Amino acid sequence: MRPPPKLAPKLILEGTRLTGKTELAFALNEHPRLVGPRKYRYHSPLISAEWCGFTNRPWGRGLINFAESEAELARETYSTWLRMFELQRYYSWLVDRFHLSTAAFQHRAGREFDFGWIEERLRPLGFGLVLCLREPATFPAARAERLTVSGNPAQYDDLSVFVREQEQLRKLAARSVLPVLELQVAGRTEAELAEEVADWCAASDLLGLRD
């Protein structure tokens, strides 16, 4: 009996705050249509450019919000992640925010970076891009829910920042060379969203790489 095809999807989840990217990433990382059936839990790669690893303080700078003087550090960090993906091309990788979030943040800071070189290395590995979106009118309800658990509630004071960032991310995604799914999240469960992503991956041939 032949074994089933190996599942090794590679997805980047992008979107502004309050669009449920992280919760969706966890759901996708255990979805049997994406990673296969599991009888017990084990480690799966789930990484994020949102980690604030460039400064020794909470909510500091990292791969998205780096200072101009840290541009080379950011480039080297991206190169390191890309090399890891290339070395383990037959494994699943879920990424909670990556280069589009960086480009959007740096654009707001008046700095433009060309991340085309990142996508040219991601494309042959079979990466897809899921852009999580919500209608602007739904942000207040999402903020109210988030404030019950947030350790840094001040970051949600001005929702117009997120609305503008969302539009910038849509523009960036429209120029991407990767397959893109625009995923409306408001009023839907994580299970429903995960099913739509799984359907899209299957239809777009993004569940694994052929030799």
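Points worth noting:
- Scan of region 162-211 for residues that are over 16 Å from Ser101 (Cα atoms), more than 16 Å from the chain's Cα centre (by Cα) and of a type in the set (A, V, I, L, M), ordered by number: Ala186, Ala191, Ala202, Ala203, Leu207, Leu209
Every residue, every condition in (1) under 17 Å from Ala198 (Cα atoms); (2) touching a Gly at 6+ places or on another chain (Cβ under 7 Å); (3) aromatic (Phe, Trp, Tyr), yes or no:
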site	(1), (2), (3)
Leu34	yes, no, no
Lys39	no, no, no
Ala67	no, no, no
Arg83	no, no, no
Trp93	yes, no, yes
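- Evaluation of Leu178 against the conditions (1) surrounded by 12 or more Cβ atoms within 10 Å (Cβ to Cβ); (2) out of contact with any Phe, Trp or Tyr (no Cβ under 8 Å at 6 or more places or on another chain); (3) within 29 Å of Glu76 (Cβ to Cβ) shows that the sole unmet condition is (2).
- Filter pass, Glu167 being within 30 Å of Gly36 (Cβ to Cβ) and open to solvent by 80 Å² or more (accessible area, probe 1.4 Å): no
- Tabulated pairs, region 122-144, first of a type in the set (D, E, K, R), second modelled with pLDDT of 95 or more and open to solvent by 60 Å² or more (accessible area, probe 1.4 Å), C-beta under 6 angstrom, 6+ apart or interchain: Arg123/Val177
- Considering residues of region 109-161 that are small (Gly, Ala, Ser) and not in a helix (DSSP H, G or I) only, the residue least open to solvent (accessible area, probe 1.4 Å): Gly128
- All positions within region 185-201 that are touching a Lys or Arg at 6+ places or on another chain (Cβ under 7 Å) and open to solvent by 20 Å² or more (accessible area, probe 1.4 Å): Ala186
- Of the residues making up region 39-76, just one is of a type in the set (Val, Ile, Thr) and under 18 Å from Lys10 (Cβ atoms), namely Ile47.
- Answer residue from region 83-94, given it is in contact with a Leu (Cβ under 7 Å, 6 or more places away or on another chain) and outside any loop (DSSP other than H, G, I, E, B) and is farthest from Phe26 (Cα to Cα) among those: Glu86
- Reported count of residues in region 20-59, each being over 30 Å from Ala71 (Cβ atoms) and open to solvent by 50 Å² or more (accessible area, probe 1.4 Å), is 12.
- Only one of the listed residues (Arg75, Arg17, Arg2) is open to solvent by 50 Å² or more (accessible area, probe 1.4 Å), free of Cβ contacts under 8 Å to residues at least 24 places away in the same chain and either in contact with a helix residue (DSSP H, G or I) (Cβ under 8 Å, 6 or more places away or on another chain) or not in a helix (DSSP H, G or I) (or both). That residue is Arg2.
The values are calculated or read from the model by the stated rules, or taken from the named source; none is laboratory data. All figures in this text were calculated on a predicted structure; none of them were measured in a lab. Heads up, the Cβs are rebuilt from the backbone with ideal geometry, glycines too, and the neighbour counts pull from every protein chain shown. Remember, those area values only see protein heavy atoms, side chains included, never the ligands or the DNA or RNA. Shrake-Rupley method; radii C 1.70, N 1.55, O 1.52, S 1.80 Å.
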